[in-house]
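One structure is given here, and the rest of the page talks about it.
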Amino acid sequence: MTVRLLDLFRIGLGPSSSHTVGPMRAAARFREHCLAKGLVPERISVDLKGSLSATGRGHATDVAVMAGLHGWSPDDCDVDAVHALPTTLRSDPLIPWGDGMTRLVPDDVVFLPWAAYRDETLPHPNTMVCRAWIGSDVVHEETWCSIGGGFVRDTAHLGDDINVTRISPPVLEFHDAGSLVARARQISGGLGDVVLVNEIAWERDAGRVGRGLDRIYAAMRACIERGVARDGVLPGGLNVKRRAQAMLARVDAGHVDASYAHIARAQAYAFAVNEENAAGGRVVTAPINGAAGIVPGVLVEIADRLQLDNDRIQSALATAGAIGMLVKTHASISGAEVGCQGEVGTATAMAAAMLCEILGGDPRQAEMAAEIAIEHNLGLTCDPMRGLVQAPCIERNAMGVAKAWSAAQLALHSVLSNVVSLDRVIKVMKRTGDDMRREYKETSEGGLAVSLPEC
Ligand code: SF4
């Protein structure tokens with residue numbers, strides 16, 4: 001397994017890891033390559049294709065590309081400055097570019113209609129073509145793909161291993177869920193402990209790994225705090241009202257049945273994260289933005305309830321990460337590739353395994369919890385209304401919290417092995433995603449996105 005833990009959990013911008021964070025990174029890489037060649041073009045243009053074009057407007061893909069072309073990074077950029085770019089660039093389209101300036105006009109970041117490239121075979125459902133111009137000549141061109149979770153590849157490296165930062169073979173090699181469980185038993189630890197051993201060996205510094213995970217957890221908590229402090233209507237025109245604050249207030253006031261309060265609180269936290277994400281705020285990919293509320297919702301609630309210390313929280317994040325690594329490697333965490341089963345399904349499985357271990361489950365039970373969570377999300381389509389990561393996405397995260405809790409409990413109380421293994425169900429997810437029509441893979445051309453008026 002070669003995906004790195006801190007590549008899976010990344011601090012970035014909402015509303016979408018594949019449609020906002022990825023395109024921002026890809027544009028920044030294009031800029032870097034131009035600068036490395038000493039190119040100072042007169043102007044830059046970007047064509048957005050596939051799902052980036054179909055739902056990119058709702059995901060602010062164009063704004064993210066403009067930010068990336070400035071060389072800004074999703075994890076530390078000024079969020080307000082990013083959102084202001086369409087306005088600031090219209091009044092002054094010249095941006096610093098190496099020793100000179102180049103022209104970046106918002107209208108040159110184009111959501112290309114499908115008819116314009118329908119005869120092309122795209123290298124990936126999320127494709128963008130960046131061009132540097134001098135006069136009427138294209139002096140440099142790169143095609144980039146946003147492959148999910150904020151990861152990007154140019155076409156020359158599309159098939160490469162996801163991880164490019166690994167420097168040596170892992171100490172505890174695992175390639176699937178079966179070998180992950182075996183490794184955990186070998187060290188008498190949990191699934192996350194296997195991942196942590198590898199990460200610490202790669203970093204040669206346990207403190208650095210721990211600090212990285214502490215930063216991720218702090219960012220998750222901060223996102224929840226911002227989300228529950230805000231009220232009002234989310235941007236985009238769908239008139240979706242923020243609900244996290246009111247939901248949490250009801251739990252705090254005792255208006256929720258005591259037997260359900262822990263899930264209700266975790267669901268309010270998930271709402272908070274996803275509302276921040278929908279508003280373009282700072283979130284942690286877990287494993288992607290659209291499903292970013294499930295892992296923090298479950299983790300913050302259980303951590304507060306059980307007063308978990310830093311070590312337990314780090315281990316819990318690593319367990320969640322282990323499941324995300326397996327799905328990312330053998331199926332996909334991108335709604336554009338396999339539908340929402342890859343996003344909410346994966347996040348639910350990550351949270352289920354994590355919670356199962358926190359509640360005392362052994363590695364086999366944690367694996368079972370993840371399997372149950374994915375099995376009962378199989379076939380889940382991606383059909384965001386108006387291309388906004390709001391409906392059904394926000395509620396779907398809250399449902400993911402409840403499913404994760406149920407899956408963890410089912411696994412903890414199962415005396416027999418599950419019929420389907422996690423490895424098999426991940427393969428089924430991939431096959432189901434391959435069979436899914438493109439209308440149901442983050443194009444907003446199927447399901448809820450188009451059917452409500454007819455129902
Ligand atoms: S429906 Fe699911 S996969 Fe699609 S954008 Fe929403 S959360 Fe992501």
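Residues whose amide H lies under 5 Å from that of H140, counting only those 5 or more places away or on a different chain, are A132; hydrogens are built 1.01 Å from N in the peptide plane. Under 5 Å from the amide H of T102 lie the amide H atoms of I95, W97, each residue being 5 or more positions distant or on a separate chain, with H modelled from the backbone and absent for Pro and chain starts. Quick note on region 13-157: its Rg to Rh ratio, both from C-alpha atoms and Rh being the Kirkwood radius, is 0.93.
Over region 308-429, Cα pairs under 8 Å with separation of 6+ residues give a relative contact order of 30 percent.
Only DSSP H runs of four or more residues enter the estimate; each adds -39500 (n - 2.57), and after division by the residues of the chain the mean residue ellipticity at 222 nm equals -15500 deg cm²/dmol.
Placing one equal scatterer on every Cα of region 294-337 and applying the Debye formula, the log10 ratio I(q)/I(0) at q = 0.18, 0.22 Å⁻¹ is -0.60, -0.76.
With semi-axes defined as the square roots of five times the eigenvalues of the C-alpha gyration tensor, the equivalent ellipsoid of region 363-417 measures 28, 11, 7 Å, largest first. Going from the fewest other Cβ atoms within 10 Å to the most, the residues H157, H413 appear in the order H413, H157. The alpha carbon centroids of region 270-333 and region 361-402 are separated by 12 Å. Among the listed pairs K328/K441; K328/K430; K328/K427; K49/K328, a Cα-Cα separation exceeding 20 Å is found for K49/K328.
Each 20 Å bin from zero up to the one holding the largest Cα-Cα distance in the chain carries the following percent of pairs: 27, 57, 16, 0. Rounded to the nearest 20 debye, the dipole magnitude of region 1-89 is 300 debye, with +1 charges on Lys and Arg beta carbons, -1 on Asp and Glu beta carbons, and the Cα centre as origin. Extent of region 209-340 along its three principal axes (Cα atoms, max minus min coordinate, largest first): 40, 38, 27 Å.
The residue list T102, A246, Y117 was ranked by how far each Cα lies along the charge dipole of the chain toward its positive end, using unit charges on Cβ atoms, and A246 comes out on top.
A dipole drawn for region 164-221 from +1 and -1 charges on Cβ atoms has a positive end, and of A206, G190, P170 the residue lying farthest that way is A206. Dipole magnitude for region 256-404: computed about the Cα centre from +1 point charges on Lys and Arg Cβ and -1 point charges on Asp and Glu Cβ, it is near 180 debye. Summing Cβ point charges (Lys, Arg +1; Asp, Glu -1) relative to the Cα centre of the chain gives a dipole of roughly 380 debye. Close amide H contacts of S16 (hydrogens built in the peptide plane, cut-off under 5 Å, sequence separation of 5 or more or a different chain): V21.
Each value in this text was obtained by applying a stated rule to the coordinates, not by laboratory testing. This structure is a prediction, so every number in the text was calculated from the model and none was measured. Methodologically, a virtual Cβ is constructed for each residue, glycine included, from the backbone with ideal geometry; neighbour enumeration extends over all protein chains shown.
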